[in-house]
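In what follows, a structure is listed as structure tokens, so that the remarks can point back to it.
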Amino acid sequence: MNVFIFLNGSKSSPPFYREHFETYRNARDTVVCADGGYKLAQQCGIKPDIVVGDLDSLRDDEIEKGVEVRAYPRNKDYSDFELAMRSAEEMAPAWIYVYGALGGRKDHELTNILLLSSVKQSTVFIEEGLEIYGVHEELLILDRKNCICSLLALGGPCHVKEIRGFAFALKDEVLYPSSRGLSNIVTKDEAVISLIHGSLIAVVNREGGEVRSL
């Protein structure tokens, strides 16, 4: 079972999100919208199962019948996206796919990316030509040969066991929040990132193929 989360960013087109959703969805999957992400799901022709947030971007009459609403006060401690992520994690999905996390306010966009450092479920931001993964133990990268992949230790020091299938090798090395892992290149059809401790953000500039956790 997977969870698909919609935010209200505007980096990619609704047809792109719709095509990706149709490719990866299964019968038992759940669609969660973080407040205004409900409107993006509507533009994609997708009915959500759950709407989470303070609902400052939605009116009650805009939400279809049968959609579960988890409303929070506006003066809350966490963003609508983080609340949506918590709801998704409770379901223990195989993957969490996130649409619309980029392209909005820069502070929201940066916060969304930072949240990947703490999410333990396999999670990926999906955009046209771009995937951003949270890596916590191991990630297998398929069919990204010649793509640029940057490994960023945004959550603090990260002890890398090894990376295989990249132009620039890392083995038993600690990455810190710096440019050390910037602009590596995938050189194999199968590449692996393995960690001993900590977490990374893997930013994959892609032209097709698939990336998945082991």
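Scanning the range 66-87 for residues that are more than 15 Å from the chain's Cα centre (by Cα) and in contact (Cβ under 8 Å) with a residue 60 or more places away in the chain turns up nothing. Meeting the requirement of 3 or more residues that are touching a strand residue (DSSP E or B) at 6+ places or on another chain (Cβ under 9 Å) and charged (D, E, K, R), the strands (runs of 3 or more DSSP E) wholly within the range 79-190 are 158-164, 170-175.
Within the range 191-203, residues that are buried (at least 19 other Cβ atoms within 10 Å of the Cβ) have Cβ atoms under 7 Å from residues that are of a type in the set (S, T, N, Q) and part of a strand (DSSP E or B) in these pairs: Val203/Ser150, counting only partners at least 6 apart in sequence or on another chain.
Residue pairs, Cβ under 6 Å, 6 or more apart or interchain, first in the range 113-130 and free of Cβ contacts under 8 Å to residues at least 40 places away in the same chain, second outside any strand (DSSP E or B) and among the small types (Gly, Ala, Ser). List them. Once the first residue is free of Cβ contacts under 8 Å to residues at least 40 places away in the same chain and sits in the range 113-130, its partners that are outside any strand (DSSP E or B) and among the small types (Gly, Ala, Ser) give Phe125/Ala101. Quick check: anything in the range 32-50 among the acidic types (Asp, Glu), more than 17 Å from Thr123 (Cα to Cα) and in contact with a Leu (Cβ under 9 Å, 6 or more places away or on another chain)? Yes. The single residue among Ile50, Ile96, Ile46, Ile63 that is within 17 Å of the chain's Cα centre (by Cα), in contact (Cβ under 8 Å) with a residue 12 or more places away in the chain and surrounded by 14 or more Cβ atoms within 10 Å (Cβ to Cβ) turns out to be Ile96.
Only the coordinates and a few stated rules stand behind these numbers; no lab work does. These numbers were taken from a predicted model, which means no experiment stands behind them. Neighbour counts run over all protein chains shown; Cβ positions are idealised from the backbone, glycine included.
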